[in-house]
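S.K.: Take this structure first; my questions come after.
Just so it is clear, none of the values below were taken in a lab; they were calculated from the coordinates. Keep in mind that what you see is a predicted model, and the values were worked out from it rather than measured. Here the Cβ is made from the backbone with ideal geometry for all residues, glycine too, and neighbour counts use every protein chain on show.
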């Protein structure tokens, strides 16, 4: 009878241990789904490591960035024409849903009017720094359809902002969490990396844009600014693009 109790205790303890390990190793369900920006594509080297952080705070995840408005943004939206207002409503819906794979991004929301893009510049500034996915989505749309001096100025400003040190508070560094550091590196630098990947894609698919001297200089200036960004994965990617296209 004593042996049976010990055997039972052994199996119960083992089951609890296995269950605990399984829960500990589970990845968070709140990781962002970034277009063309998966971890394996970034090829992180040891020298590219930045300070890792804790997983995204639940309170930040619940932030509705679609409601972020400043006086300048409110004024810009009030001047939008009816067709542009419909486009803007779609953008707000996607930001609120946090769905980077919404098919409208590649259909209705390509090549927005200058007025809508002006609203996007203002919207980016209105969104909290910690909402990296939402800010990154706007950076993605601007860089993907880059076509003006205003777009170039916006992209350059993305690389002038201070690096985000933590998903809970961009101004503060959080204790190391080795299980999520790779995911957080991507998320913390999402606006910057999304911008760079879209510039690279544009130049790869349409290298002829570099024949326009003004566009060439605008892109080169943006990449030079990105190369000075204080995060290795960003600066290294910018340098790679400059070298590849002779900028």
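S.K.: With the calculation restricted to Cα positions, what are the radius of gyration and Dmax of segment 117-247 in angstrom?
M.R.: Radius of gyration, then largest Cα-Cα span, for segment 117-247: 14.7, 47 Å.
S.K.: If you rank 202, 244, 132 by fewest surrounding Cβ atoms within 10 Å, what's the result?
M.R.: Ranking 202, 244, 132 by Cβ neighbours within 10 Å, fewest first, gives 244, 202, 132.
S.K.: Rounded to two decimals, what ratio of Rg to Rh does segment 79-146 give with C-alpha atoms and a Kirkwood Rh?
M.R.: 0.92
S.K.: Let me ask another. Relative contact order, percent, of segment 89-247 when contacts are C-alpha pairs under 8 Å separated by at least 6 residues?
M.R.: 22
S.K.: Which log10 I(q)/I(0) values does segment 204-247 give at q = 0.17 Å⁻¹ under the Debye formula, counting every alpha carbon as one identical point scatterer?
M.R.: Scattering profile of segment 204-247, log10 relative to I(0): -0.45.
S.K.: Another question, then. Using 0.36 nm per residue of separation minus the Cα-Cα distance, give me the extension gain between residue 104 and residue 171 in nm, one decimal.
M.R.: Length gained, residue 104 through residue 171: 20.8 nm.
S.K.: Going by how many other Cβ atoms sit within 10 Å of their own, how do 200, 147 line up, fewest first?
M.R.: 147, 200
S.K.: How would you order 87-96, 189-198, 150-159 from highest to lowest mean count of nearby Cβ atoms within 10 Å?
M.R.: The peptides rank, most packed first, as 189-198, 150-159, 87-96.
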